[in-house]
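For reference, the structure discussed in these notes is given below.
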Amino acid sequence: MIPNQNWYAPSLTSNREAGLGNWPIQDIVDLLQVGVSHRATVYGPMAEVVYNSLQYMSDEDVQAMAVYLKALPQRDTEAPPPSQERLVQPAVMEAGRQIYQQQCAMCHAEDGKGHPPSYPPLAANQSITMSSPVNAIRMVLNGGYAPGTQKNSRPHGMPPFSHILNDDQAAAVLTYIRVAWGNTGTPVAAPQVNELRKLLPE
């Protein structure tokens with residue numbers, strides 16, 4: 001966890017978190033310099049880094065950084081754990097599916113594949129399935145906006161849902177997203193949502 005910011009900084013050497021070993025170099029370059037790529041979008045503290053710093057680096061320097069990050073030794077090379085979907089109560093999955101259809105599918109698609117680079121995929125997205133659900137919870141509660149950069153001056157964003165979804169509803173849709181479509185995340189409980197809701201800015 002990043003002190004005082006309540007965001008989780010994922011490991012760059014873990015294939016189950018933010019490991020980039022199987023990413024194309026161009027997607028890494030785009031994420032660092034543009035703020036969006038076909039694989040992911042930066043939010044939270046990383047969006048500030050891109051906005052204030054990385055977007056101004058030369059193409060050659062960003063390319064070199066991407067090559068370095070891709071070459072970091074990766075751990076967690078074994079097959080990911082199976083989806084936890086069968087362990088989730090059917091009522092929770094159905095509630096989460098309905099909320100997803102109503103609130104999320106328009107941008108992220110019914111199959112979770114999104115419409116990249118504008119709307120990132122949720123299916124097979126490491127930031128969604130990693131062991132800590134903190135960032136996913138923050139995104140659902142707070143929303144998020146990619147930084148406006150020289151190469152993406154009008155980024156798309158995600159609205160907050162903290163005023164629309166209660167803790168149980170947010171936990172249900174987060175659980176659905178983390179285990180649907182073969183995702184290998186674990187369920188999210190309402191108290192986990194509530195703990196982060198308490199930390200939202202006024």
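Here is a list of conditions, (1) part of a loop (DSSP other than H, G, I, E, B); (2) in contact with a strand residue (DSSP E or B) (Cβ under 9 Å, 6 or more places away or on another chain); (3) in contact (Cβ under 8 Å) with a residue 24 or more places away in the chain, and PRO160 meets all of them except one; can you say which number that is? Result: PRO160 fails condition (3) only. For the stretch 168-186, residues that are of a type outside the set (A, V, I, L, M, F, W, C), modelled with pLDDT of 95 or more and either closer than 13 Å to PRO133 by Cα or within 18 Å of the chain's Cα centre (by Cα) (or both) total 3. Across the stretch 40-55, the number of residues qualifying as surrounded by fewer than 22 Cβ atoms within 10 Å (Cβ to Cβ) and touching a residue at least 40 places away in the same chain (Cβ under 8 Å) comes to 6. Taken over the stretch 60-117, the residue count meeting the criterion of being among the β-branched types (Val, Ile, Thr) and surrounded by 13 or more Cβ atoms within 10 Å (Cβ to Cβ) is 4. In the stretch 49-61, the residue that is farthest from PRO24 (Cα to Cα) out of those that are aliphatic (A, V, I, L, M) and within 22 Å of the chain's Cα centre (by Cα) is VAL49. Considering only residues in the stretch 4-19 that are over 14 Å from the mean Cα position of the chain (by Cα) and either among the aromatic types (Phe, Trp, Tyr) or outside any strand (DSSP E or B) (or both), the one that is farthest from PRO116 (Cα to Cα) turns out to be ASN4. Just one of the numbered conditions (1) over 19 Å from THR129 (Cα atoms); (2) in contact with a Phe, Trp or Tyr (Cβ under 8 Å, 6 or more places away or on another chain) is not true of PRO24: (2).
Considering only residues of the stretch 131-189 that are of a type in the set (D, E, K, R), in contact with a helix residue (DSSP H, G or I) (Cβ under 9 Å, 6 or more places away or on another chain) and closer than 24 Å to TYR51 by Cβ, which is surrounded by the fewest Cβ atoms within 10 Å (Cβ to Cβ)? Looking at residues that are of a type in the set (D, E, K, R), in contact with a helix residue (DSSP H, G or I) (Cβ under 9 Å, 6 or more places away or on another chain) and closer than 24 Å to TYR51 by Cβ, I get LYS151.
The values are calculated or read from the model by the stated rules, or taken from the named source; none is laboratory data. This structure is a prediction, so every number in the text was calculated from the model and none was measured. For neighbour counting, all protein chains shown are included, and Cβ atoms are generated from backbone atoms with ideal geometry for every residue, glycine included.
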